[in-house]
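Here's the structure we're looking at; comments come further down.
The values are calculated or read from the model by the stated rules, or taken from the named source; none is laboratory data. Worth saying up front: this structure is predicted, and the values here are computed from it rather than measured. Backbone-built Cβ (ideal geometry, glycine too); neighbour counts: all protein chains shown. Just so you know, the surface numbers come from the protein's heavy atoms only, side chains and all, with ligands and any DNA or RNA stripped out. Shrake-Rupley method; radii C 1.70, N 1.55, O 1.52, S 1.80 Å.
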Amino acid sequence: MPTLSVFHHLLFKDFLDIIILTFFAYHLYVWLYQTKAFKALVGLLGLGIIYSVAQFWGLFLTTWVFQILWQVLIILIIILFQTEIRQVLEKVNPFYALGWYKTVGHVPWIESFSKKIFELGAQRIGALIIFERKDRLREFVTGGIPFEADPTGEILVSIFQKHSPLHDGAMLIHNGKITMAAAFLPLTSQEGLSKSLGTRHRSAIGITERCDAWALVVSEERGQVSLVRAGVIETLESPAFLAEKLKELLTPDRPDTTGGFQKIKHLLSNRWRIKLATLAIVSVVWFSFAGQQNVEISLEIPLTIQNLPPQLEVTPSIQNVSITARGQRKDIGMLSPKNIRTNIDVSRAGIGKNDYFLNRQQLLLPNDRVEIIRIEPNSLTLEVRAKPD
């Protein structure tokens, strides 16, 4: 069958093609998940499926309309999601993959900072602190006062106490240093959140939905201390637990996989369901388009003689013929030495040596959609003689 023939003659480069596409599709999903760009990407995928079905069924007007829409949609996507596109391009950085990025290392203020945060909660002093990680926050932050200091207890109280002009905004910490205060962040667009969550919590959810930053929130009404990661709020119970989380944050977020086997095991087991689903989707798409790919193959087929008179016998100078064929993969995949024959007609051959030239007309193929570009050798000699009595 033409559809199943796509699986024939798969090469190493075909599997490499699928693996590379799976790698990029998986990371694109991880980078854009829970963002507005991800919803747009899902919508574009749905439109792509409709367009493919319309093209397959030969719906002329629908196909024509979609061809025009694609050009407009590409421009709109670049304009509307330029921030997400820029962040994705920034993440395609080999230094991240190799682990060559700056880390803070030992931070002496973690314990005192954690205690002061819970003291702020006990005093009902609200606070919002954002820890910048790999993703840049400049695209999401408005306003703000540049700062350069260690986040000591005195600095925290002076910024977030109620009479400070900076207490309403967020504090940004990068590489263990305060870089900005009184910064305003985007609010989350999630629906169904608890009414008890104020502006600080909604800002913390909003910023962590858009990038990999962590947000620390101290509630002014309840005095609770919460840590927000990827839009999920976690209530912290003690300064020691907060200190443990901050040590995890300010050190490289890489698993302790020292051996090669452990690295491979972690690579395969981490989010394996998403990776397996991505591989399946990419494979289906690849095989859907692979049937239309033009490929070349070389086959060696046995030489067959046709219409030999019963009183004669023949000895060919060669036993096999090598052919090189070109065509779409779905047609090329149907070729094999079992369904290709040479049609050497010797009904008019005379006694002695007979020379023949091999061409496309002397090959019997399973379909006529394949182009024969080379036959080696392209000539042969048949020695014809009478059978002995």
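Observations on the structure shown:
- Flag for residue 61 being more than 30 Å from residue 223 (Cβ to Cβ), modelled with pLDDT of 85 or more and either outside any strand (DSSP E or B) or charged (D, E, K, R) (or both): yes
- Close pairs from the range 346-371: first within 26 Å of residue 309 (Cβ to Cβ) and free of Cβ contacts under 8 Å to residues at least 40 places away in the same chain, partner open to solvent by 60 Å² or more (accessible area, probe 1.4 Å) and assigned to a loop (DSSP other than H, G, I, E, B), Cβ under 7 Å, at least 6 apart: 357/378; 358/378
- Contact map, the range 30-56: first residue modelled with pLDDT of 80 or more, second residue among the aromatic types (Phe, Trp, Tyr), Cβ cut-off under 7 Å, separation 6 or more or different chains; pairs are 51/66; 54/66.
- Checked against the criterion of being at pLDDT 85 or above and either in a strand (DSSP E or B) or out of contact with any Cys (no Cβ under 8 Å at 6 or more places or on another chain) (or both), the candidates 336, 322 yield just one match: 322.
- Residues of the range 141-166 that are surrounded by fewer than 19 Cβ atoms within 10 Å (Cβ to Cβ) and assigned to a loop (DSSP other than H, G, I, E, B): 150, 152, 161, 162, 163, 164, 165, 166.
To keep it simple, each residue is scored yes or no on (1) closer than 30 Å to residue 20 by Cβ; (2) under 40 Å from the mean Cα position of the chain (by Cα); (3) surrounded by fewer than 12 Cβ atoms within 10 Å (Cβ to Cβ); (4) not polar (S, T, N, Q).
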{"position": "278", "(1), (2), (3), (4)": "yes, yes, no, no"}
{"position": "282", "(1), (2), (3), (4)": "yes, yes, no, yes"}
{"position": "286", "(1), (2), (3), (4)": "yes, yes, no, yes"}
{"position": "298", "(1), (2), (3), (4)": "yes, yes, yes, no"}
{"position": "314", "(1), (2), (3), (4)": "no, no, no, yes"}
{"position": "318", "(1), (2), (3), (4)": "no, no, no, yes"}
{"position": "339", "(1), (2), (3), (4)": "no, yes, no, no"}
{"position": "352", "(1), (2), (3), (4)": "no, no, yes, yes"}
{"position": "388", "(1), (2), (3), (4)": "no, no, yes, yes"}
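Every residue, every condition in (1) in a helix (DSSP H, G or I); (2) under 30 Å from residue 328 (Cβ atoms); (3) at pLDDT below 70, yes or no:
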position: 241; (1), (2), (3): yes, no, no
position: 252; (1), (2), (3): no, no, yes
position: 264; (1), (2), (3): yes, no, no
position: 275; (1), (2), (3): yes, no, no
position: 282; (1), (2), (3): yes, yes, no
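- Considering (1) at pLDDT 75 or above; (2) surrounded by 13 or more Cβ atoms within 10 Å (Cβ to Cβ), the lone condition that residue 83 does not fulfil carries the number (1).
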